[in-house]
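The structure appears right after this line, and notes come after that.
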Amino acid sequence: MTIQRLLAALVLSLAGTAASALGLAPFVQFQPVKNGVSLTGGIAVDAADEPAVRRAVADLQADVERVTRTRPALQATAAPQGQDLILVGTLGKSALIDALVASGKLDVRGLKGQWEGWQIATVARPLPGVERALVIVGSDRRGTVYGVYELSEQIGVSPWYWWADVPVTQRPALYVPAGTRVQDAPVVRYRGIFLNDEAPALTGWSKEKFGGYNSKFYAHVFELILRLRGNFIWPAMWGSAFFADDPKNGALAEEFGVVIGTSHHEPLMRAHREWADAGGGPWDYNRNAERLREFWQGGLAQSRGTERAFTLGMRGDGDEPMSRDANVALLERIVADQRKLIEKEPDAKSAMQVWALYKEVQDYYEKGMRVPDGVTLLWADDNWGNIRRLPTKDERARSGGAGVYYHFDYVGGPRNYKWINVTPVAKVWEQMHLAWQYGATKQWVVNVGDLKPMEIPIDFFLNYAWNPGRWPTPDGFLRAWAARDFGAAQAEALADIVQRTTRANHRRKPELLAPETYSLVNEREAERVVAEYQQLAREAKALRAKLPQGAQDAFFQLVEHPIEAGRIVTELHVTAALNRLYARQGRTSTNAQAAKARDLFADDAALTRRYHELQGGKWNHFMDQTHLGYFFWNEPPLNIMPAVSEVQPRAGAFMGLGIEGTEQPADAWGLPKPVRLPMLDPFSGQKSYFEVFNRGDRPLRFSVQAEQPWLQLSAATGKLGDPVLLQQRIEVSADWAKVPAGESTGMVIVEPEGGPAVRLAVPVRKPAAPLPEGFVESRGVVAIEAASHARQVAPAGRRWMRLPGHSRTGDGMTPLPVDVPAPADPKAATMRLEYPVNLTSSGKLTVHTTVAPTLKFQPDWPANGLRFAVSIDDGPLQIVNMHAAGGVGDGSREWERNVSNSAATFQTRHEVSAPGAHVLKFWVLEPGVVLHKLVIDAGGLKPSYLGPPESGYVTGAVAR
């Protein structure tokens, strides 16, 4: 069992007696404990301690009251009294704490000098008149704050108690056992969020509730960041300016202890909007340097008194690329001049200076531009969750360190995505694990859009930034999150639902969906995707029924809404696609699909209204983003329903047939060739189907019969007529005990009342002898999910990691550790996954390998890209360079296709001499490759978005 699973098991097992927190084992008990410290006795804090600490203590006081309905007394005195107390303070700032250290009653040797470290420990008789104390001590002000909020989470107050209405469970008592001692400190130094792309939702909400992005608004944001173990923010900037809009904003940030920066394209604490307000002329350093320096100096002046992180450099006006004539020398001069301005600031020596290597700015770096060693290099992803670059070994030696600017939301090409959360935790884990292992740990900042509805990935991102080693696998987080916010009893089921929902919404972001996305006739793809959402909705409804009434609103926001949002939009596009197909085929049911599409479009609006009505309108304006009717990269002005058609039925009753695998309808007249259904075999578990439909306005009766006794039909007769039934699907299967060995062809006869019959051929294949173990070729295809390997091979010191929910259809597989160089000779590669297969074909085959669209994040790797290889049996390795075609996150056609598909698929050619048992092998060369799926095409692969479902697997003659 992994460390994370042990921790999760401990959390779940103690859930009845202890609180559930993320990351650390629970230490608070809900009943009296002998010699334990009661947390309702009182709280003491030195009046001279930092304002951030005193403010957090006030939150703790309120949190204890939320849980117990008893408000502990707050004592800000040098001589607190009480049998049981919580003592809170910062080393060097609290006389109470320093006295405990000096007396030897509090050991802080492992805490001194740490960045944001904290310790929670019980102390017997710490002060005269105090019998027991729980001491929370920080190495600095934020360290103390994090210790305070750790206790709040341990007693059962979620960081999302306000932002997602997560309920607080009432408890009769709160105790910490004697001998408790917990200590912690972060790994990533600056951990924060970026409120961006914030109109219309967050902007409309903040104006309605607070009057704008002012100190009333930011008080809630800052508290959330600190409760989530973050310390940093890039404030909202679409038409707003943090320091200029409300002079109290900066002072409030300092009171909370939150570090303020400005975004990747807003240098020296000036919001971009301020430049337009100032009327400063062209945003061009060649022509307007003096005015720009004055502008930046004003930003430094207005932000004094706040802990800051300075953004350096310059992009074009409005977050656009610099002009074509911009050069490295000019940009280096800009940075040098900015640093001269910073040197005059009181906190210049301690404040972080950041150069964001975003989009074309990274190109300047690669072409030779450099900044002083003390400046942090903030590498960026491609705006779609794939990190473009991480520091090399030499760059890791820079004193300024490195960080990552990541995205859960984006406005830009190939299309906006900002409506709902579409980023799986496994994806964030995998990419930020790379950042951790490659030393980019100075700063992590993530674009969270409107903040809601990105609650879950934000929670994970900031927790992982605090200590990546605490989450050795991505799946443990969701279980711990679910136990904390909804209770241990439903944690496993809830975590599974959230993981599957995010995977479904990630495979094709809602804004990119179209009626053409999923195949209507191949692999039953569209109906399988819709059925998956419907199953999620059923499971969520059943789970909601098990939760208390107080958890219903939080459950809707965090679990139900993402399911329903994805389901409705997906089903709407599929319904519109069916409507168009039925119109082409001449089905009377075309009109019913048009009506269903209109109903789904109305359901989409109703779902938004339901969100707005929560908590008496508390979250009005969230989800206001348009997400239907995109014409190009930017969002349309309002939601637009996909176009649908209506038909005029013919007079009378006229039968038509829809055949699986083709959009062409069949009827009794003018058939160009015998109509064939897809092949049946005993291993895939697949059936074949055809649909009988009416083209007329009168009821249609029909009969269906099989000529062979081993063919099985789901119905023998039918009657089609509005409004009861307009079409009927007939499933065709086989009684395999009766099917003769070898290849056979059965025949199904469909006969309408009063009309000519249609004959349908059903090819059937039944092996004459048991098959060896492996995935079985069916209909000319073998499809395998990455995690379904029979064998994994790794050299000493390396291993394979399963990434739950990382793939569009299953789990991903990736090699660890991620910092192992590729072998000098690809033929020396040993790390591989093996998949046994049974082929009925021989000769030339094509293997389609689907991987995550990972980018080449190290510039000195060979071959200009990440590589993997595929082989069959002991055949030659077919090496694939994932980036040979230029898909490197720079807007290339390949990159656009890959990020739109949430995957990259490559083809290799192979040849096998004979049918039978073979082994498909997947090899990795560079680390960072994540395998999703393998498909062997022996001539039967049909077009679809997700590819065929996983093939049947046999052990001997037994299918599983």
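The values are calculated or read from the model by the stated rules, or taken from the named source; none is laboratory data. Predicted, not measured: the structure shown is a model, and the values here were computed from it. Note: ideal-geometry Cβ built from the backbone for every residue, glycine included; neighbour counts use all protein chains shown.
Taking the range 146-195, which residues are in contact with a Phe, Trp or Tyr (Cβ under 8 Å, 6 or more places away or on another chain) and of a type in the set (A, V, I, L, M, F, W, C)?
V166, V168, A173, L174, V176, V182, A185, V187, V188, I193, F194, L195
Looking only at the range 704-756, count how many residues are farther than 22 Å from S589 by Cβ and of a type in the set (G, A, S).
So the answer is 8.
Could you pull out every one of the strands (runs of 3 or more DSSP E) wholly within the range 54-171 that has 3 or more residues that are under 34 Å from the mean Cα position of the chain (by Cα) and farther than 17 Å from L39 by Cβ?
The strands (runs of 3 or more DSSP E) meeting that bar number zero.
Inspect the range 547-557 for any residue being at positive phi and surrounded by fewer than 24 Cβ atoms within 10 Å (Cβ to Cβ) and give the result as yes or no.
Narrowing the range 547-557 to residues at positive phi: none.
No; the residues of the range 547-557 include none that is at positive phi and surrounded by fewer than 24 Cβ atoms within 10 Å (Cβ to Cβ).
Regarding the range 207-220, can at least one residue be identified that is in contact with a strand residue (DSSP E or B) (Cβ under 8 Å, 6 or more places away or on another chain), surrounded by 23 or more Cβ atoms within 10 Å (Cβ to Cβ) and not in a loop (DSSP other than H, G, I, E, B)?
no
Can you tell me how many residues within the range 301-321 are in a helix (DSSP H, G or I) and free of Cβ contacts under 8 Å to residues at least 12 places away in the same chain?
Result for the range 301-321: 1.
Six or more apart or on different chains, Cβ atoms under 9 Å: show the pairs whose first residue is in the range 38-64 and at positive phi and whose second is among the acidic types (D, E) and not in a helix (DSSP H, G or I).
Note: pairs meeting the criteria are G42/D84.
State all residues of the range 502-534 that are part of a helix (DSSP H, G or I), among the aliphatic types (A, V, I, L, M) and under 23 Å from Y410 (Cα atoms); if no residue qualifies, say none. It would help to see each step written out before you state the result.
Applying the first criterion (part of a helix (DSSP H, G or I)) to the range 502-534 yields 502-507, 510-512, 525-534.
Of the ones still in play, those that are also among the aliphatic types (A, V, I, L, M) are 504, 512, 526, 529-531.
If the condition is that a residue be part of a helix (DSSP H, G or I), among the aliphatic types (A, V, I, L, M) and under 23 Å from Y410 (Cα atoms), then A504, L512 are the ones that fit.
Taking the range 557-607 on its own, how many of its residues are assigned to a helix (DSSP H, G or I), among the hydroxyl-bearing types (S, T, Y) and either out of contact with any Asp or Glu (no Cβ under 8 Å at 6 or more places or on another chain) or not assigned by TED's automatic domain parsing to the domain that holds A537 (or both)? Spell out how you get there, then give the answer.
Taking the range 557-607 first, the residues assigned to a helix (DSSP H, G or I) are 557-585, 590-607.
If we keep only those that are among the hydroxyl-bearing types (S, T, Y) as well, we get 570, 575, 582, 590.
Adding the requirement that they be either out of contact with any Asp or Glu (no Cβ under 8 Å at 6 or more places or on another chain) or not assigned by TED's automatic domain parsing to the domain that holds A537 (or both) leaves 570, 575, 582.
Final tally of qualifying residues: 3.
If a residue counts only when it is of a type in the set (V, I, T), which strands (runs of 3 or more DSSP E) contained entirely in the range 828-919 have at least 2 such residues?
Passing ranges, in order: 843-851, 867-872, 878-881, 904-912.
Would you confirm whether or not the range 629-648 contains a residue that is under 25 Å from S519 (Cα atoms), touching a strand residue (DSSP E or B) at 6+ places or on another chain (Cβ under 7 Å) and of a type outside the set (F, W, Y)?
no
Report, by residue number, each residue of the range 715-744 that is closer than 16 Å to P678 by Cα and within 47 Å of the chain's Cα centre (by Cα). It would help to see each step written out before you state the result.
The first filter runs over the range 715-744 and keeps only residues closer than 16 Å to P678 by Cα, leaving 729-734, 743-744.
R729, I730, E731, V732, S733, A734, E743, listed by residue number.
Is one or more of the residues making up the range 140-152 buried (at least 19 other Cβ atoms within 10 Å of the Cβ), in contact with a Lys or Arg (Cβ under 9 Å, 6 or more places away or on another chain), farther than 30 Å from A551 by Cα and free of Cβ contacts under 8 Å to residues at least 60 places away in the same chain?
yes
If I ask for residues that are surrounded by fewer than 24 Cβ atoms within 10 Å (Cβ to Cβ) and not in a helix (DSSP H, G or I), which ones from the range 472-493 would you list?
Scanning the range 472-493 gives P472, T473, G487.
Among the listed residues K340, K367, identify the single one that is under 23 Å from Q302 (Cα atoms), exposed (fewer than 15 other Cβ atoms within 10 Å of the Cβ) and either free of Cβ contacts under 8 Å to residues at least 60 places away in the same chain or in contact with an Asp or Glu (Cβ under 8 Å, 6 or more places away or on another chain) (or both).
Being under 23 Å from Q302 (Cα atoms), exposed (fewer than 15 other Cβ atoms within 10 Å of the Cβ) and either free of Cβ contacts under 8 Å to residues at least 60 places away in the same chain or in contact with an Asp or Glu (Cβ under 8 Å, 6 or more places away or on another chain) (or both) holds for just one of K340, K367, which is K340.
Out of A397, A465, I need the residue that is over 23 Å from R808 (Cβ atoms), out of contact with any Leu (no Cβ under 9 Å at 6 or more places or on another chain) and buried (at least 24 other Cβ atoms within 10 Å of the Cβ). Which one?
A465
When both residues are 6+ apart or on different chains and their Cβ atoms are under 9 Å apart, which pairs have a first residue that lies in the range 931-960 and is surrounded by 15 or more Cβ atoms within 10 Å (Cβ to Cβ) and of a type in the set (S, T, Y), and a second that is assigned to a loop (DSSP other than H, G, I, E, B) and at pLDDT below 95?
S951/F683; S951/S684; Y953/F683; Y953/E773; Y953/R960
Within the bounds of the range 520-528, is there any residue that is more than 18 Å from S902 (Cα to Cα) and touching a Phe, Trp or Tyr at 6+ places or on another chain (Cβ under 8 Å)?
Within the range 520-528, not a single residue is more than 18 Å from S902 (Cα to Cα) and touching a Phe, Trp or Tyr at 6+ places or on another chain (Cβ under 8 Å).
Among the residues of the range 22-45, which ones are assigned to a loop (DSSP other than H, G, I, E, B), touching a Ser or Thr at 6+ places or on another chain (Cβ under 9 Å) and surrounded by fewer than 23 Cβ atoms within 10 Å (Cβ to Cβ)?
Of everything in the range 22-45, those that are assigned to a loop (DSSP other than H, G, I, E, B), touching a Ser or Thr at 6+ places or on another chain (Cβ under 9 Å) and surrounded by fewer than 23 Cβ atoms within 10 Å (Cβ to Cβ) turn out to be P26, F27, F30, Q31, P32, N35, G36, T40.
Please tell me if G661 is modelled with pLDDT of 95 or more and either outside any strand (DSSP E or B) or at positive phi (or both).
yes
Among (1) at positive phi; (2) in contact (Cβ under 8 Å) with a residue 60 or more places away in the chain, there is one condition G617 misses while meeting the rest; what is its number?
Of the numbered conditions (1) at positive phi; (2) in contact (Cβ under 8 Å) with a residue 60 or more places away in the chain, the odd one out for G617 is (2).
May I ask you to list pairs of residues, at least six apart or on different chains, whose Cβ atoms are under 6 Å apart, with the first in the range 731-759 being in contact (Cβ under 8 Å) with a residue 24 or more places away in the chain and the second being part of a loop (DSSP other than H, G, I, E, B) and among the aromatic types (F, W, Y)?
Pairs that qualify, where the first residue is in contact (Cβ under 8 Å) with a residue 24 or more places away in the chain and the partner is part of a loop (DSSP other than H, G, I, E, B) and among the aromatic types (F, W, Y), are A734/W710; D735/W710; K738/W710; V739/W710.
Say whether the condition of being surrounded by 19 or more Cβ atoms within 10 Å (Cβ to Cβ) and either in contact with a Cys (Cβ under 9 Å, 6 or more places away or on another chain) or outside any helix (DSSP H, G or I) (or both) is met by at least one residue in the range 292-300.
no
Mind checking which strands (runs of 3 or more DSSP E) fall wholly inside the range 756-799 and carry at least 2 residues that are farther than 30 Å from P927 by Cβ?
Details: elements: 758-766, 774-776, 781-785, 791-793.
Once the strands (runs of 3 or more DSSP E) in the range 756-799 are filtered for at least 2 residues that are farther than 30 Å from P927 by Cβ, what remains is 758-766.
Go through the range 227-242 residue by residue and tally those that are more than 15 Å from T203 (Cα to Cα) and either out of contact with any Gly (no Cβ under 7 Å at 6 or more places or on another chain) or part of a loop (DSSP other than H, G, I, E, B) (or both).
Looking only at that region, the number is 5.
Can you pull out the residues in the range 263-280 that are in contact with an Asp or Glu (Cβ under 6 Å, 6 or more places away or on another chain) and outside any helix (DSSP H, G or I)?
Within the range 263-280, H265 is the sole residue that qualifies.
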